[in-house]
Structures are given as C-alpha cells and as structure tokens.
Amino acid sequence: MTHYKRLTLATAVALATASAHAAPVFWTDWTGGDLDAGSGFQAQGTITTSTSSVTVTYTNANGIGFYQPSGGTDYWVNRNSGRDDSISPYTSAQVDNSPTGTDIIALRYAGTQTLQFSQSIANPVFGFVSLNGNGYAFDQDFEIVSAGGADGNACGYWGCGTSYKNVVDLGGGVFEYQLLGTGEPHGTLRFTGAFDTVSWRSLSSENWNGFTVGVQGTAIEVFPPNPSALPEPTTLALLGLSLAGLGFTRRRA
C-alpha cells in the first residue's frame, strides 16, 4: 500500500489551516551514484533550507531508467524558451521557482518507490517530466499546482500535455489518488502536511518519465509550535497552587 506518513495528529490539524500562498521551494541536490548493490536502485541527496540540511534517500526495488545527479541535459527548461520561471511549467501561485540544476531521476518500471527524509519536512512538491504512458498513485490527496501549456505556462522539454487527478474508491473508506496525463505532461504537484516518508506507485512501465522533489521547508520552519497556545509559567504555578489548595480543603472536609 502506498502511503504518506503523518507525523502527529496535532500537526495534521494545524496544517488544515495552512495558507496556500506562493513560497520558494528548496529542491533536492542529488549526489553520488547507485547505493543498491543488487537489481534495485537507491540514491541520496540533500535539501538545504534556510536553517537546516535534510538528507533525502530514494529507494526503488525495481530499478530505474537513469540517474542524473549533475551535468547532462537540463530537462527542466521550457520548450523553445530555456529557463524562465515567469512562464515555467513548474512555477505557479504556490511555487515560486523551478527545480534547480539538471538533477533528475528517470523512472522506467511499474512498482512502489520511497523517499525518506532525515527530519520532518513541510509541503513536499514533485516536479515531473514527460508523464506520458504512465501515472503515479498515492493514498494521500494532492493538488496539481502547475502544468506545461496551462495558465500561460510554456510547454515542457518534450512538449505539452494534460495532467489530471483521478480518485479511486478502493472500498472501506480507502481511496487512491492518481496523477495521470495525456500527451507530454510536465508540471508540479504539491502535498500539504508534515512528512518524514513519502511513497508512491508507478502505474505502468514506460521509458521514461522523470521527477525530483522539493519542500517548502522543514516542518519546524513552516509549522512552528504556537507559544500562545501554551500556558505561561506563572499561570502554571498559580494553577498548581490552586489545585493544591483545593486538595487540602477536601481533606479537611
């Protein structure tokens, strides 16, 4: 079963009121090579936020098409117009900036894959390239926030396409949220919440569709505890004395 791992119920409740305004996204800097000695694939990268460095570990037991941690073709450019974030398929009212560098993980096989973060992160954003002939299935709802050829955006590297969400009722109150497309979909989707693990399923084998992941920040940066919700130390002391007094009165009665 694919899953997004919620950290706490309190966090989930707080996120329900989180605003959806545009924000800079900190994208993963993928590094090194394949860490899986077998037929699968594993790689690591780093997300550097304003105050933290988060290690991201990607694992896919089925293997991938190819891995590009540095250099190579920039598949995040706009078709026929290079880099221009004002019309990028990857920017929107929710996401200020397109993926940095040329880093990309190209998928090829059907099956489940997982991203593990070294600490809780907030509002993960997926940039995807050429999602034709495939799709991703999550058990957590998401929002498609941008797409090539829509809302004044340029087409992506391989062209334009249509992205859409398909919700499947699996029964028993369980739903699957699928990202599907026609043509050559390029764009971003965003999940709202605090997560330390993200998993999804490629619906079919297709060579190839690519992705990278970014975050709005760490969970602590984006959803800090609300000090006003906690009693002041003096209030706690007075409350303790009051309770003690009540207990003394009850004993004497």
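Odds and ends about this structure:
- Residues that are modelled with pLDDT of 95 or more and among the hydrophobic types (A, V, I, L, M, F, W, C) within segment 14-30 comprise Val25, Phe26, Trp27, Trp30, listed in sequence order.
- Scanning segment 182-191 for any residue that is under 24 Å from Ile64 (Cβ atoms), touching a residue at least 40 places away in the same chain (Cβ under 8 Å), surrounded by fewer than 23 Cβ atoms within 10 Å (Cβ to Cβ) and β-branched (Val, Ile, Thr) turns up at least one such residue.
- Any chance Gly127 is at pLDDT below 95, closer than 23 Å to Gly45 by Cβ and not β-branched (Val, Ile, Thr): no
- Yes/no for Thr73 being exposed (fewer than 15 other Cβ atoms within 10 Å of the Cβ), touching a strand residue (DSSP E or B) at 6+ places or on another chain (Cβ under 7 Å) and not aromatic (Phe, Trp, Tyr): no
- The listed residue being surrounded by fewer than 14 Cβ atoms within 10 Å (Cβ to Cβ), modelled with pLDDT of 95 or more and more than 18 Å from Ser98 (Cβ to Cβ), out of Gly33, Gly65: Gly33
- Filter result for Ser199 (in a strand (DSSP E or B), over 18 Å from Gly133 (Cα atoms), out of contact with any helix residue (DSSP H, G or I) (no Cβ under 6 Å at 6 or more places or on another chain) and not β-branched (Val, Ile, Thr)): yes
- Scanning segment 111-149 for residues that are among the small types (Gly, Ala, Ser), assigned to a loop (DSSP other than H, G, I, E, B) and surrounded by 17 or more Cβ atoms within 10 Å (Cβ to Cβ) yields Ser130, Gly135, Gly148, Gly149.
- A residue that is in contact with a His (Cβ under 8 Å, 6 or more places away or on another chain) and not aromatic (Phe, Trp, Tyr) occurs somewhere in segment 185-200.
- Any hit, segment 174-190, residues being of a type in the set (Gly, Ala, Ser), modelled with pLDDT of 95 or more, in contact with a strand residue (DSSP E or B) (Cβ under 7 Å, 6 or more places away or on another chain) and not in a strand (DSSP E or B): no
- Selection within segment 79-101: residues that are surrounded by 15 or more Cβ atoms within 10 Å (Cβ to Cβ) and within 15 Å of Trp158 (Cα to Cα). The member of this set that is modelled with the lowest pLDDT is Arg79.
The values are calculated or read from the model by the stated rules, or taken from the named source; none is laboratory data. It should be emphasised that the depicted structure is a prediction, and the values quoted were computed from it without experimental measurement. For neighbour counting, all protein chains shown are included, and Cβ atoms are generated from backbone atoms with ideal geometry for every residue, glycine included.
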